[in-house]
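A.B. asks: Supplied in structure tokens, the structure appears directly below.
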Amino acid sequence: ISSLSATEIANLSIADLQSATASDFSHLVAEQLQALTTTQTAALTSAQIRYLSGDQISALTTSQIGALTTTEVAALTKGAVEGLTTVQIEAFLAAQIMGLSSSCVSGLSAEQLGAFSAEQLLALTTTQLRGLTSTDVSELNTTELSLFSPTQLSALSAGALRGLGAEQLAGLTLDQIN
């Protein structure tokens, strides 16, 4: 597959694409990856997704990111997620966010976390939130924290909560902390 042109990749059938080995995907360059249609992107196997590096993931278009299934998102490695741009993060649907592993969520940079929409923040599961560190929490602004439900806030570890500053604590509502 790595020897195919972008045009040839765009014309691959789903069956042909899925028959490519996962390691073949580690050799694709940005132009080849960007040639995948959204239908092809949604049909990639979990193993194929797992072989994509952070640089390869960052080459995907926002349409391709939006086409990923929750199963494919769950297959992303921490290194691949660290390669996501803020524009790509913004392209994720809330349902896709729920597919990220807790280690992937804990590996997000402050800039990436800051790119989450209200809907995406609300989609974070308690398991995902347990992976956040005090540094991660310290980077959340008061508006972002105000969106967290009481259940989400209670999922944060004691260590993560130590990252809250005075302004962040003052911004929490009674409903959130009771």
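A.B. asks: ALA22 is checked against (1) hydrophobic (A, V, I, L, M, F, W, C); (2) surrounded by fewer than 19 Cβ atoms within 10 Å (Cβ to Cβ); (3) under 26 Å from GLU111 (Cα atoms) and fails just one. What number does that condition carry?
C.D. replies: (3)
A.B. asks: Something else about it: Tell me whether the stretch 2-18 contains one or more residues that are in contact with a helix residue (DSSP H, G or I) (Cβ under 7 Å, 6 or more places away or on another chain), among the polar types (S, T, N, Q) and surrounded by 15 or more Cβ atoms within 10 Å (Cβ to Cβ).
C.D. replies: No: the stretch 2-18 contains no residue that is in contact with a helix residue (DSSP H, G or I) (Cβ under 7 Å, 6 or more places away or on another chain), among the polar types (S, T, N, Q) and surrounded by 15 or more Cβ atoms within 10 Å (Cβ to Cβ).
A.B. asks: Continuing with the same structure: Please specify each residue of the stretch 147-159 satisfying the condition of being in a helix (DSSP H, G or I), within 19 Å of ASP175 (Cα to Cα) and either among the aromatic types (Phe, Trp, Tyr) or open to solvent by less than 40 Å² (accessible area, probe 1.4 Å) (or both).
C.D. replies: Across the stretch 147-159, the qualifying residues are GLN152, LEU153, ALA155.
A.B. asks: Still on this structure, I have one more. Just to be sure I understand the filter: pairs with C-beta atoms under 7 Å, separated by 6 or more residues or on different chains, first member in the stretch 49-62 and touching a residue at least 40 places away in the same chain (Cβ under 8 Å) and among the hydrophobic types (A, V, I, L, M, F, W, C), second member surrounded by 20 or more Cβ atoms within 10 Å (Cβ to Cβ) and not in a helix (DSSP H, G or I). Which pairs pass?
C.D. replies: Close Cβ pairs (under 7 Å, with a partner that is surrounded by 20 or more Cβ atoms within 10 Å (Cβ to Cβ) and not in a helix (DSSP H, G or I)) do not exist here.
A.B. asks: List pairs: first residue in the stretch 88-104 and among the hydroxyl-bearing types (Ser, Thr, Tyr), second residue open to solvent by 20 Å² or more (accessible area, probe 1.4 Å) and in a loop (DSSP other than H, G, I, E, B) anywhere in the structure, Cβ distance under 6 angstrom, at least six positions apart or on different chains.
C.D. replies: So the pair list comes out as SER102/GLY131.
A.B. asks: Filter the stretch 25-62 down to the residues that are of a type outside the set (A, V, I, L, M, F, W, C) and not in a helix (DSSP H, G or I), then identify the one that is surrounded by the most Cβ atoms within 10 Å (Cβ to Cβ).
C.D. replies: TYR51
A.B. asks: Looking only at the stretch 63-105, count every residue that is surrounded by 16 or more Cβ atoms within 10 Å (Cβ to Cβ), of a type in the set (A, V, I, L, M) and in a helix (DSSP H, G or I) and tell me the total.
C.D. replies: So the count comes out to 11.
A.B. asks: So, one more: List, please: which pairs have Cβ atoms under 8 Å, are six or more places apart or on different chains, and start with a residue in the stretch 162-176 that is on the phi < 0 side of the Ramachandran plot and surrounded by 10 or more Cβ atoms within 10 Å (Cβ to Cβ) and end with one that is among the aromatic types (Phe, Trp, Tyr) and outside any helix (DSSP H, G or I)?
C.D. replies: GLN176/PHE148
A.B. asks: Across the stretch 113-122, what is the total count of residues that are in a helix (DSSP H, G or I) and open to solvent by 10 Å² or more (accessible area, probe 1.4 Å)?
C.D. replies: 4
A.B. asks: Give the residue that is modelled with the lowest pLDDT, with candidates limited to residues of the stretch 13-24 that are of a type in the set (Ser, Thr, Tyr) and assigned to a loop (DSSP other than H, G, I, E, B).
C.D. replies: Ranking the qualifying residues of the stretch 13-24, first place goes to THR21.
A.B. asks: For the stretch 123-146, which residues satisfy the criterion of being touching a Phe, Trp or Tyr at 6+ places or on another chain (Cβ under 9 Å) and surrounded by fewer than 19 Cβ atoms within 10 Å (Cβ to Cβ)?
C.D. replies: Listed by number, the list holds a single entry, GLU144.
The values are calculated or read from the model by the stated rules, or taken from the named source; none is laboratory data. The structure displayed is predicted, hence computed values, not measured ones. Note that we place each Cβ from the backbone using ideal geometry, even for glycine, and neighbour counts take in every protein chain shown. With ligands, DNA and RNA removed, areas are computed over all heavy atoms of the protein, side chains included. Shrake-Rupley method; radii C 1.70, N 1.55, O 1.52, S 1.80 Å.
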